[in-house]
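Bear in mind these aren't lab numbers, they're just calculated from the coordinates by the rules spelled out. Remember, predicted model here, so these are calculated numbers, not experimental data. Here the Cβ positions follow ideal geometry from the backbone for every residue, glycine too, while neighbour counts run over all protein chains shown.
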Amino acid sequence: MESPEVSTLINIAGVKKSYGATCVLKRVSVQIKAGEVIAILGASGSGKSTFLRLLNRLEKHEEGSIVIDGVEVSDKPSNLALLRREVGMVFQSFNLFPHLSVLDNLCLAPMKVRGLSRAEAVSLANDLLQKVGMGDHSHKYPHALSGGQQQRVAIARALAMEPRILLFDEPTSALDPEMVNEVLDVMKRLAATGITMLIVTHEMGFASQVADRVIFFDQGEIAEDLPPSQFFGDNKTPRVKAFLGRVLQTGI
Amino acid sequence: MSSSVKVCVPPSRGLKINNSLLKGLLATAITLAILFAMEAILHFFPNPIGPNSKELAAAVWVTVKLTVMAGFFGVAIGTIIALGKASTLPPLRWVCSFYVWVARGTPLLLQILFVFFALPVLLPSLEFNDFTSAAVALAFNIGAYNAEAIRSGLQSVPKGQIEAAHALGLSSLTIFINVVMPQALRICLPPLVNNGVSLLKDSSLAYAIGVVELSNAASRIQSATFEPVPVLVTSALIYLTLTTGLTQVTNALERYLSVERR
């Protein structure tokens, strides 16, 4: 994955973000290549979720620049439309539309944004639902599904826009333990397809197996940016050691 | 882990026919049938209703028209004001709050009298006949109450829904129409129905400026016949029929919009 021929897809340079007087991100710079799977780790409040939400403009950065596939992340409507088209997102709380069936949850954006016909959108949606193992549930409403099922539908909904980049904001944190694996399995299969993924997670086992890189946030800064073998390996820095110690102790 | 093989039939985009929808249509049909047959039904009533059935039935239609017109514009005003109050522009919020403050803080009777008598003095171009004046005042009044109902519905839609829609690249207009509105409607429908029932009854205040709606007609007939009991009881029964019809129709609509009870 570290081959130099692969071009930089996401370029983040000197990005700063604060809420009022509290600085959540202090001059973060990082490059991400196409096809990379990045696990973003860190204690709560370290800025990792904010970092993720800057990438599709759910939060706005105050300084620095974010360029995704040549498009500057800004409020310019044409940029924003391109950006949201390229970058999909999966949320901790699923955020499926409760008044729409599973199928209509998947069809809405492709029809309204990509201009697909109803028939095209339905066939795309059914394909994606098969891929996440939800092919039998297309007619159901979200309230009739388990958390794990809802999250798999949410992943399919994001994929229906055919994004190049998928952001995951703690996708398994709201799930009962027995449902975590069904979602992680879908994400593992997805990682193998070559789509670029940025995953904020507390699943250390998953991060070490699937990620190409681990980015570790501490107090609004990127404290480590390492391959998982090194991050989870023997020569940990004290900060990482302390974090992993806490995480493994509390059993998150 | 279901192993059953199901054929996925994509649901149609239009109305989904189900029990709630059928009940709603039935309630609408019965209410309309009673309305259209009102004169014929009242005709069979004993004295003093029978001989005055024509006047009463005509007055019922005035009440219904007043309610429907004021109700329609009241919802439109309510939606605009609710959006205005949620605006990021402070002056717009102030104007909308001022309107709600005035409309809810003064008596409806005074508002009706004001539109009919005072408005033409202030602005001669705004001189309306008695029916239009009553409709304008009722819409003005109910709009403020509707605004609060609609605002609470809009606020009840979780922020995550709007974020998810933005993340999918949907435009703000699409988000409002396809994501926010359907969810808000379920929350604001019950208070809107309450407001509608109040409106139907409050339309009787149009009596004060001479509109011959149901209460006015009943009052005229009882004073001409000196039989207040049958006349007033009959008009009360007609009001009850109308409010029951209205709540039945909207109850069915509410069930139809509720995904969980489908």
TODO: Can you work out which of the residues in region B:175-199 that are farther than 30 Å from B:Leu108 by Cβ and without any contact (Cβ under 8 Å) to a residue 40 or more places away in the chain is farthest from the other protein chains (Cβ to nearest Cβ)?
DONE: B:Phe176
Open item on the list: Looking for something touching a residue at least 12 places away in the same chain (Cβ under 8 Å), surrounded by 13 or more Cβ atoms within 10 Å (Cβ to Cβ), of a type outside the set (D, E, K, R) and not in a helix (DSSP H, G or I) - is there at least one such residue anywhere in region B:125-141?
Closed with: yes
Open item on the list: The conditions are (1) buried (at least 20 other Cβ atoms within 10 Å of the Cβ); (2) at the interface with chain B (Cβ under 9 Å from one of its Cβ atoms), and A:Val113 fails exactly one of them. Which is it?
Closed with: (1)
Open item on the list: Which of the helices (runs of 4 or more DSSP H) found entirely inside region A:160-252 contain at least 3 residues meeting this: without any contact (Cβ under 8 Å) to a residue 60 or more places away in the chain and touching a Ser or Thr at 6+ places or on another chain (Cβ under 7 Å)?
Closed with: A:177-191
Task: Subset tally (residues that are within 14 Å of chain A (Cβ to nearest Cβ), in a helix (DSSP H, G or I) and of a type outside the set (Asp, Glu)) for region B:142-163 - done: 5
Open item on the list: Go through (1) away from chain A (no Cβ under 14 Å); (2) over 18 Å from B:Ala58 (Cα atoms); (3) not in a helix (DSSP H, G or I) for B:Val212 and report which single condition fails.
Closed with: (2)
Task: Selection within region A:141-159 - under 12 Å from A:Phe91 (Cα atoms) and within 13 Å of the chain's Cα centre (by Cα) - done: A:Gln151, A:Ala154, A:Ile155, A:Ala158
TODO: Please determine, by comparing only the residues of region B:164-174 that are in a helix (DSSP H, G or I) and surrounded by fewer than 20 Cβ atoms within 10 Å (Cβ to Cβ), which one is nearest to the other protein chains (Cβ to nearest Cβ).
DONE: B:Thr174
Task: Positions within region B:21-54 being more than 26 Å from the chain's Cα centre (by Cα) and among the aromatic types (Phe, Trp, Tyr), in sequence order - done: B:Phe44, B:Phe45
Open item on the list: The conditions are (1) surrounded by fewer than 23 Cβ atoms within 10 Å (Cβ to Cβ); (2) more than 12 Å from chain B (Cβ to nearest Cβ), and A:His139 fails exactly one of them. Which is it?
Closed with: (2)
TODO: Check off (1) more than 12 Å from every other protein chain (Cβ to nearest Cβ); (2) in contact with a strand residue (DSSP E or B) (Cβ under 6 Å, 6 or more places away or on another chain) for A:Gly147 and give me the number that stays unchecked.
DONE: (2)
TODO: Considering every residue within region A:49-59, establish whether at least one is closer than 29 Å to A:Ala207 by Cβ and away from chain B (no Cβ under 13 Å).
DONE: yes
